[in-house]
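The values are calculated or read from the model by the stated rules, or taken from the named source; none is laboratory data. Values in this document were obtained by computation on a predicted structure and should not be read as measured data. Note that we place each Cβ from the backbone using ideal geometry, even for glycine, and neighbour counts take in every protein chain shown. The area values use the complete protein model at the heavy-atom level, side chains included, leaving out ligands, DNA and RNA. Shrake-Rupley method; radii C 1.70, N 1.55, O 1.52, S 1.80 Å.
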Amino acid sequence: MADLTRRAFELADYYRTPVMILGDGMMGQMMEPVVFPEMINPDTLPEKDWALGGASGRPSRIIRSLLLDPAVEEEHNWKLARKYEMITRKEVDYESYLLDDANLVMVAYGTAARIAKGAINMVREAGLKVGMLRPRTLWPFPSKVLNDIGRVVRHVLVFEMSTGQMIEDVRLALEGRSNVHFYGRPGGIIPNPEEVARVISSHYLRFDIAK
Amino acid sequence: MKQVFKKPRLIKPNTFHYCPGCGHSIIHRLIAEILEELDLAEIAICVPPAGCAVLAYNYLDIDMGEAAHGRAAAVATGLKRALPDKFVITYQGDGDIAAIGTAESIHAANRGEQVSTIFVNNAVYGMTGGQMAPTTLLGQNTTTTPGGRVASIHGNPLDLSEMMAIAKGSVYIERTAVNNAKNIIKTKKAITKAFKVQIDGLGFSMVEILSPCPTNWKMSPIDACKWVDEYMTKIFPLKVIKDLTDTGKKDAD
Ligand SMILES: Cc1ncc(C[n+]2csc(CCOP(=O)(O)OP(=O)(O)O)c2C)c(N)n1
Ligand code: SF4
């Protein structure tokens with residue numbers, strides 16, 4: 001959270017775009033040591049030739065979102081579209097965990113990903129080859145990696161502490177390549193790694209995944 | 001020949017889009033004149049509202065940064081705190097400041113933010129076609145109160161300036177009008193004083209200006225000016241609502 005919050009500000013500044021941080025409720029309720037990342041040198045940030053600060057020795061500036069001329073508006077929207085396209089290409093961020101030999105891949109974010117990791121470590125001891133993809137950015141979504149996973153892995157298990165907010169993104173990214181399974185808990189009791197390990201094991205049995 | 005009137009230097013050579021008889025253009029001119037007289041042009045930043053005056057940046061030749069509807073006080077707070085040596089004003093309609101933006105406006109005043117607010121009260125939502133605003137008078141016809149505003153259904157006209165005056169960080173609040181030459185001169189004095197409050201670092205200042213909207217009031221410009229006197233000033237009396245400039249102190253001190 002500390003790392004990503006810092007990163008969010010840097011990205012917002014670099015692209016001049018809003019960045020949304022989706023905080024996890026658990027963060028507010030737990031304690032863990034945190035090492036803060038190094039401060040970046042503000043002089044390395046892009047120059048802001050648009051910023052307001054008084055028209056002294058230069059023409060006055062306007063910051064606005066209202067563009068009444070349809071041609072100007074369309075041109076501006078194309079400019080934004082190019083920026084979003086660039087962000088989609090450059091800023092996808094994810095963590096992959098034990099993917100190399102996996103025949104079941106979990107997709108989980110936030111606290112659910114931490115629990116999933118514990119569960120994966122347990123079932124790995126029993127010989128189940130499970131890995132995980134943890135999207136750090138939800139937009140841009142790591143669609144390409146997931147699509148590549150779909151070329152070799154037949155089963156993907158989405159685990160969320162919700163009734164399914166990411167499952168459609170996963171399905172879209174996989175384009176039907178893998179079977180998508182879902183385990184979700186709606187908030188309330190926080191599942192522990194043992195429970196999730198049981199869910200993984202039962203998927204192995206039911207879908208004969210080990211073969 | 002002596003020149004007695006000219007276009008202020010800080011008004012861009014664009015044609016105003018405002019309706020004939022609208023108060024916004026007069027208020028723009030006053031702001032431009034005062035910024036020039038107080039030599040503030042090079043450090044001034046204005047936050048225009050969502051409303052007919054969003055296009056103020058087409059006319060005022062100073063740095064201008066649009067805010068989302070109602071958010072001017074919040075944006076101005078950020079600007080002034082980040083750039084304390086600059087001169088920051090907000091320009092807001094009654095729909096903007098007294099409805100969607102009430103919360104941040106009151107709190108900016110309460111914190112004594114060093115910004116000056118121009119609050120243009122035309123008793124309706126102008127830009128969107130004359131819907132009821134919190135400042136609409138009882139009995140006044142608007143597109144959303146076709147039979148006239150009724151207190152038991154729509155509430156009473158809101159005394160936003162009086163509310164802002166209760167906030168401890170506000171230093172100077174005056175209500176004026178731009179419906180005749182005398183009132184325009186008084187408005188110019190009031191805005192000048194509000195700006196000086198910021199220059200002297202005393203706290204939050206605001207001028208509420210009763211301003212004709214002939215289009216949405218469905219009146220001729222002349223009748224609209226009369227209506228300000230005959231009806232609006234009865235509910236929103238022209239007066240100094242709060243003035244702590246002499247004491248040089250905010251309530252909060
Ligand atoms: C969040 C949001 N809601 C609604 C609107 C639509 N809108 C634009 S101007 C306006 C009313 C402005 O009225 P007022 O503040 O009285 O200014 P006037 O146009 O009368 O000068 C509204 C509701 C908007 N721009 N943004
Ligand atoms: S609608 Fe009213 S406030 Fe808007 S420009 Fe016309 S007269 Fe002025």
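Of the residues in the stretch B:65-77, how many are within 27 Å of residue B:214 (Cα to Cα) and facing chain A (nearest Cβ under 10 Å)?
Going through the stretch B:65-77, the residues within 27 Å of residue B:214 (Cα to Cα) turn out to be B:66-72.
Next, only the ones that are facing chain A (nearest Cβ under 10 Å) stay: B:66-68.
Total satisfying the criteria: 3.
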Exercise for the section: Identify the single condition in (1) under 14 Å from residue B:94 (Cα atoms); (2) open to solvent by 60 Å² or more (accessible area, probe 1.4 Å) that residue B:147 does not satisfy, given that it satisfies every other one. Expected result: (1)
Handout entry: Single residue of the stretch B:1-44 satisfying the filter (assigned to a loop (DSSP other than H, G, I, E, B) and charged (D, E, K, R)) that is least open to solvent (accessible area, probe 1.4 Å)
Key = B:12
Practice task
For residue B:122, state whether it is within 14 Å of ligand 2 (Cβ to nearest atom) and of a type outside the set (Gly, Ala, Ser).
Solution key: yes
Completion exercise
Only one of A:37, A:70, A:59, A:46 is within 14 Å of chain B (Cβ to nearest Cβ) and either without any contact (Cβ under 8 Å) to a residue 24 or more places away in the chain or not β-branched (Val, Ile, Thr) (or both), namely A:59
Fill in the blank from the handout: Filtering the stretch B:45-64 for residues that are more than 8 Å from chain A (Cβ to nearest Cβ) and assigned to a loop (DSSP other than H, G, I, E, B) leaves a count of 5
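Residues checked against (1) within 24 Å of residue A:94 (Cα to Cα); (2) in contact with a Cys (Cβ under 6 Å, 6 or more places away or on another chain); (3) open to solvent by less than 80 Å² (accessible area, probe 1.4 Å):
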position	(1), (2), (3)
A:3	yes, no, no
A:17	yes, no, yes
A:24	yes, no, yes
A:34	yes, no, no
A:39	yes, no, no
A:47	no, no, no
A:50	no, no, no
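The rows are residues; the columns are (1) under 13 Å from the mean Cα position of the chain (by Cα); (2) away from ligand 1 (no atom under 16 Å from the Cβ); (3) in contact (Cβ under 8 Å) with a residue 24 or more places away in the chain; (4) farther than 20 Å from residue B:227 by Cα.
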| site | (1), (2), (3), (4) |
| --- | --- |
| B:119 | yes, no, yes, no |
| B:156 | no, yes, no, no |
| B:161 | yes, no, yes, yes |
| B:168 | no, yes, yes, yes |
| B:183 | no, yes, yes, no |
Handout entry: Meets criteria (closer than 21 Å to residue A:188 by Cβ, over 15 Å from the mean Cα position of the chain (by Cα) and not small (Gly, Ala, Ser)) for residue A:163
Key = yes
Practice task
Just name the residue that is nearest to residue B:92 (Cα to Cα) out of those in the stretch B:30-57 that are out of contact with any helix residue (DSSP H, G or I) (no Cβ under 9 Å at 6 or more places or on another chain) and more than 15 Å from ligand 1 (Cβ to nearest atom).
Solution key: B:32
Exercise for the section: Could you list all residues from the stretch B:68-92 that are in a helix (DSSP H, G or I) and either open to solvent by 10 Å² or more (accessible area, probe 1.4 Å) or within 16 Å of ligand 2 (Cβ to nearest atom) (or both)? Expected result: B:74, B:75, B:77, B:78, B:79, B:80, B:81, B:82
